[in-house]
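Novice: Got a structure for you, questions after.
Values in this text are rule-based calculations from the coordinates and carry no lab data. Keep in mind the model is a prediction, meaning the values are calculated, not measured. For neighbour counting, all protein chains shown are included, and Cβ atoms are generated from backbone atoms with ideal geometry for every residue, glycine included.
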Amino acid sequence: RKEVEQDPGPFNVPEGATVAFNCTYSNSASQSFFWYRQDCRKEPKLLMSVYSSGNEDGRFTAQLNRASQYISLLIRDSKLSDSATYLCVVNFGNEKLTFGTGTRLTIIP
Amino acid sequence: DVKVTQSSRYLVKRTGEKVFLECVQDMDHENMFWYRQDPGLGLRLIYFSYDVKMKEKGDIPEGYSVSREKKERFSLILESASTNQTSMYLCASNGIPFNSPLHFGNGTRLTVT
């Protein structure tokens, strides 16, 4: 089983819709969680950290469910510019961050 | 703004060549990382370094080595390039602690023929 698993998609969503995707992780001792965004042929960039209490940044909401070992990302009122691959990233309490393979999202006009 | 610069955007090398990939960061970050990214496999950690002259193996270190002689520079070395090392290579850095956000360079697309 992969340490960090994501549905690769693609998710094809009409503009203005709400979309959500999850990421599961294998280690219950995991300490830190993040969502990164990667545009086509570009480097990954931090989208948001995921806190135990959940957090919101504009149209984006991230949540953590420790009991079921998953994190989620919700995007409301989706824009064309939201089209990207979203990478789930987990720190298992060691020196490195482990990346999921990413979920590809395409927003359709 | 943090800048992580990789020396080459595209590189084509022959099997058996020794290849150097250079990475420089300008934010005095302690930690530097080398990843490779392949379709369906995501980003996989090759090596990382938390201080000058220190290095640690990541998940897939075989066939690679690294060098960190100065804090701002982290080099990835392919001792004898092979076709299965054709990939996108991404350098990243962050400060303390280890789980602080990573800042990536824009990648080097290496093709080994």
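Novice: Longest span of chain B, sites excluded, free of GluC sites (Glu not before Pro) in DSSP loop with at most 15 other C-beta atoms within 10 Å?
Specialist: B:18-61
Novice: Exactly which trypsin sites (Lys or Arg not before Pro) in the stretch B:31-102 are in a DSSP loop and have at most 11 other Cβ atoms within 10 Å?
Specialist: In loop regions of the stretch B:31-102 (DSSP not H, G, I, E or B), the sparsely surrounded trypsin sites (Lys or Arg not before Pro) are B:Lys53.
Novice: Would you mind calculating the gained length between B:Arg9 and B:Glu22 on full extension (0.36 nm times residue separation, minus the Cα-Cα distance), in nm to one decimal?
Specialist: Full-extension gain reported as 3.6 nm.
Novice: Around B:Lys55, with a cut-off of 14 angstrom between Cβ atoms, what is the net charge of the other residues, counting Lys and Arg +1 and Asp and Glu -1?
Specialist: +2
Novice: Still on this structure, please answer the following. What FRET efficiency would be calculated for the residue pair A:Asn12, A:Arg59, taking the C-beta separation as r and a Förster radius of 22 Å, to the nearest 0.05?
Specialist: 0.75
Novice: Can you pull the one-decimal nm distance between simple spin-label points at A:Asp39 and A:Lys2, each 7 Å off the Cα toward Cβ?
Specialist: Going from the A:Asp39 label point to the A:Lys2 one covers 2.4 nm.
Novice: Are there cysteines in chain A with no second cysteine's Cβ under 4.7 Å away, and if so, which?
Specialist: Among the cysteines of chain A, those whose Cβ sits 4.7 Å or more from every other are A:Cys40.
Novice: Based on a Kirkwood Rh over C-alpha pairs, give the Stokes-Einstein translational diffusion coefficient of the protein assembly as shown at 37 °C and viscosity 0.692 mPa s in µm²/s.
Specialist: Result for D is 182 µm²/s.
Novice: Using the alpha-carbon centroid of each, what span in Å lies between the stretch A:15-81 and the stretch B:28-76?
Specialist: A separation of 25 Å, based on Cα centres.
Novice: Follow-up. From the Cα gyration tensor of chain B, with a ≥ b ≥ c the square roots of its eigenvalues, which class applies: rounded if a/c is under 1.5, or else prolate if a/b is larger than b/c, or else oblate?
Specialist: prolate
Novice: Which of the lysines could a cross-linker span from B:Lys55 if the Cα-Cα distance has to be under 27 Å and same-chain partners fewer than 8 positions apart are dropped?
Specialist: A:Lys2, A:Lys42, A:Lys45, A:Lys96, B:Lys3, B:Lys13, B:Lys18, B:Lys70, B:Lys71
Novice: While we're looking at this one, here's another question. Which values, in whole Å and largest first, are the semi-axes of the equivalent ellipsoid of chain A obtained as the square root of 5 times each eigenvalue of the Cα gyration tensor?
Specialist: Working from the Cα gyration tensor, I get semi-axes of 23, 15, 12 Å.
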